[in-house]
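Note sheet for the following structure.
The values are calculated or read from the model by the stated rules, or taken from the named source; none is laboratory data. Source: prediction; values computed, not measured. Glycine also receives a Cβ, built like all others from the backbone with ideal geometry; neighbour counts cover every protein chain displayed.
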Amino acid sequence: MRVYTVILLICVVCCVLRGGEGPAGGSSSSGIDAAHFAGLCSNMETDHFRLIHDLRSEQAEAIGQVLEFAYGQFGAYFSRYGFELKHPELPLEWMCFRREGSFADYALATERMDLSWLSGYYSSRTNRVAVVGPRRVGRWRGGPEGGAEFASAGGEVVDVGLVKIVHEAGHQLAFNTGLQKRGVMYPMWATEGVALVFEDCASDYLPTVRYSEARKKRLLELYREGLLIRLDDFVTMVRVPSGIPEADIYAQAWGFFLFLCENRTADLRDYFDYLYSLKSGARTAYHLRREFFESFGEIGELEREWSFFLELSAVSKPFLAGAPNRN
Ligand SMILES: [Zn+2]
């Protein structure tokens with residue numbers, strides 16, 4: 001059975017595929033799209049999204065509800081930190097597949113990559129999210145209100161399918177609201193950080209446990225064991241290095257992004273604004289490091305602040321809760 005993108009129970013493995021900026025999205029689905037589905041292909045429109053799918057209609061509706069919820073949460077979350085977001089110009093498209101094989105074939109045809117090990121990804125080239133329809137989607141239909149009933153029914157589990165939808169929506173919204181720019185290279189901590197900190201809004205949709213708890217636990221373990229990657233290297237990483245568990249990199253990206261949100265808010269906005277001004281194309285570690293230093297200053301000082309943040313977090317209960325910033 002395919003790994004359903006679960007690491008440490010909650011870490012959603014995903015993939016942001018980069019490439020030159022392709023179609024802006026919003027093009028009406030066509031026979032070309034329909035050919036990717038094993039079953040009858042349908043279109044479903046919500047206020048801000050278009051789902052092209054071969055799922056049952058109630059499954060597609062449940063996903064659409066979550067996406068609209070995520071849409072509202074995304075703007076609210078990042079505006080707390082002073083980011084000025086714009087509305088997407090066109091409906092944001094999702095390809096939702098009933099069968100894993102159809103998903104893998106679509107990925108191969110459109111991305112020229114074997115992504116059969118994934119169950120979802122956002123492509124900045126096509127500006128689409130492609131997912132295999134989560135199986136537990138029926139539980140989501142109650143939305144934020146229905147979640148209380150689910151939780152009281154003993155649902156102290158992490159619904160990874162729900163987190164995946166929110167995570168990929170976070171990537172797509174970042175690249176369509178002016179936070180990130182398609183075609184520009186971003187370091188992993190920035191691209192994944194946005195989606196990882198945003199995942200916790202799934203806890204507001206179905207309030208069971210906070211999805212970040214296991215990630216927080218792993219982050220502090222890595223810190224205590226001296227296994228965190230030095231910031232001087234971490235800030236230029238654009239992919240998971242071989243030999244390091246993906247969950248560990250995600251834990252550090254999640255914590256580091258939250259640290260910057262809480263402690264270096266203006267610098268973080270400055271950094272994202274600068275990267276947004278760049279033209280498409282690859283850049284080297286030299287450039288990524290220089291750009292980081294120009295916004296955040298000397299790395300030694302930042303490393304000290306980061307360590308202090310983790311020390312405090314280890315003894316502070318509300319640590320890294322993604323609380324709104326005060327400035
Ligand atoms: Zn991701």
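Mind counting the residues in the range 49-74 that are in contact (Cβ under 8 Å) with a residue 24 or more places away in the chain, not hydrophobic (A, V, I, L, M, F, W, C) and not in a loop (DSSP other than H, G, I, E, B)?
Matching residues across the range 49-74 total 8.
What number of residues in the range 28-47 are surrounded by 15 or more Cβ atoms within 10 Å (Cβ to Cβ), part of a loop (DSSP other than H, G, I, E, B) and at pLDDT below 90?
1
Inside the range 165-209, can you point out the residues that are away from the ligand (no atom under 12 Å from the Cβ), assigned to a helix (DSSP H, G or I) and in contact with a Gly (Cβ under 7 Å, 6 or more places away or on another chain)?
Tyr205
Among the residues of the range 120-129, are any within 16 Å of the ligand (Cβ to nearest atom), among the aliphatic types (A, V, I, L, M), part of a helix (DSSP H, G or I) and at pLDDT 95 or above?
Among the residues of the range 120-129, not one is within 16 Å of the ligand (Cβ to nearest atom), among the aliphatic types (A, V, I, L, M), part of a helix (DSSP H, G or I) and at pLDDT 95 or above, which makes the answer no.
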